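Report on the following structure.
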Amino acid sequence: MQYLVSVIHDKADLATPDEMAAIDVFNDRLVAEGYWVFAGGLGGPDTATVIDNRGGEALFTDGPFLESKEYLVGFWVIEAPDLDVALKLAAEGSKACNRKVEVRPFL
């Protein structure tokens with residue numbers, strides 16, 4: 001099963017060199033152990049554009065969908081045999097990037 005591990009942050013700063021090195025080690029482990037599917041970092045909320053095309057014309061709005069102190073800064077998509085393994089990996093990812101993470105299964 002695949003899981004989305006969302007990395008949550010509450011500051012504008014990027015990962016430090018030490019955090020990036022720990023993330024690289026964690027990513028290498030995910031690849032080596034067969035859990036890796038995809039990962040990426042995201043621009044800050046100020047780079048977001050929300051698009052609502054439910055009506056007659058698409059509405060484009062600058063900024064994040066939600067105004068919040070915390071925001072999504074990056075993510076991993078992992079392949080794990082069950083939720084327990086996904087949660088264990090997510091805990092290790094949280095330690096590596098020094099950020100909170102959220103785990104959600106793909107349906």
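What to note about this one:
- Contact order relative to length of the chain, as percent, for alpha carbon pairs under 8 angstrom and 6 or more apart: 50 percent
- Added length on full extension, which subtracts the Cα-Cα distance from 0.36 nm per residue, PHE60 to ASP46: 3.6 nm
- Here the label points at ASP28 and ILE8, each 7 Å from Cα along the C-beta direction, are separated by 3.0 nm in the simple model.
- Proximity of backbone amide H atoms, modeled 1.01 Å from N, is registered between ALA48 and GLY63 at under 5 Å, excluding neighbours fewer than 5 places apart on the same chain.
- In sequence order, the range 35-46 has phi-based couplings of 8, 5, 10, 6, 8, x, x, 10, x, x, x, 5 Hz under the Karplus curve 6.51 cos²θ - 1.76 cosθ + 1.60, θ = phi - 60°, and Gly or Pro positions carry x.
- Coil-residue GluC sites (Glu not before Pro) of the range 1-84, DSSP, other Cβ within 10 Å capped at 15: GLU33, GLU57, GLU67, GLU70
- With Cα atoms, 0 to 90° folded angle of helix 83-97 axis to the chain main axis: 80 degrees
- Inter-label distance for VAL37 and LYS88, nm, one decimal - labels placed 7 Å from Cα along Cα-to-Cβ: 1.9 nm
- Ordering ARG54, ARG99, ARG29, ARG104 by accessible surface, largest first, gives ARG54, ARG104, ARG29, ARG99; the 1.4 Å probe counts only protein heavy atoms, with every chain in place.
- Carbon plus sulfur fraction of accessible area for the chain, probe 1.4 Å, in percent: 59 percent
The values are calculated or read from the model by the stated rules, or taken from the named source; none is laboratory data. What you are looking at is a predicted structure, and each value in this text was computed from that prediction instead of being measured. Cβ: placed from backbone, ideal geometry, glycine included. Neighbour counts: every protein chain shown. Just so you know, the surface numbers come from the protein's heavy atoms only, side chains and all, with ligands and any DNA or RNA stripped out. Shrake-Rupley method; radii C 1.70, N 1.55, O 1.52, S 1.80 Å.
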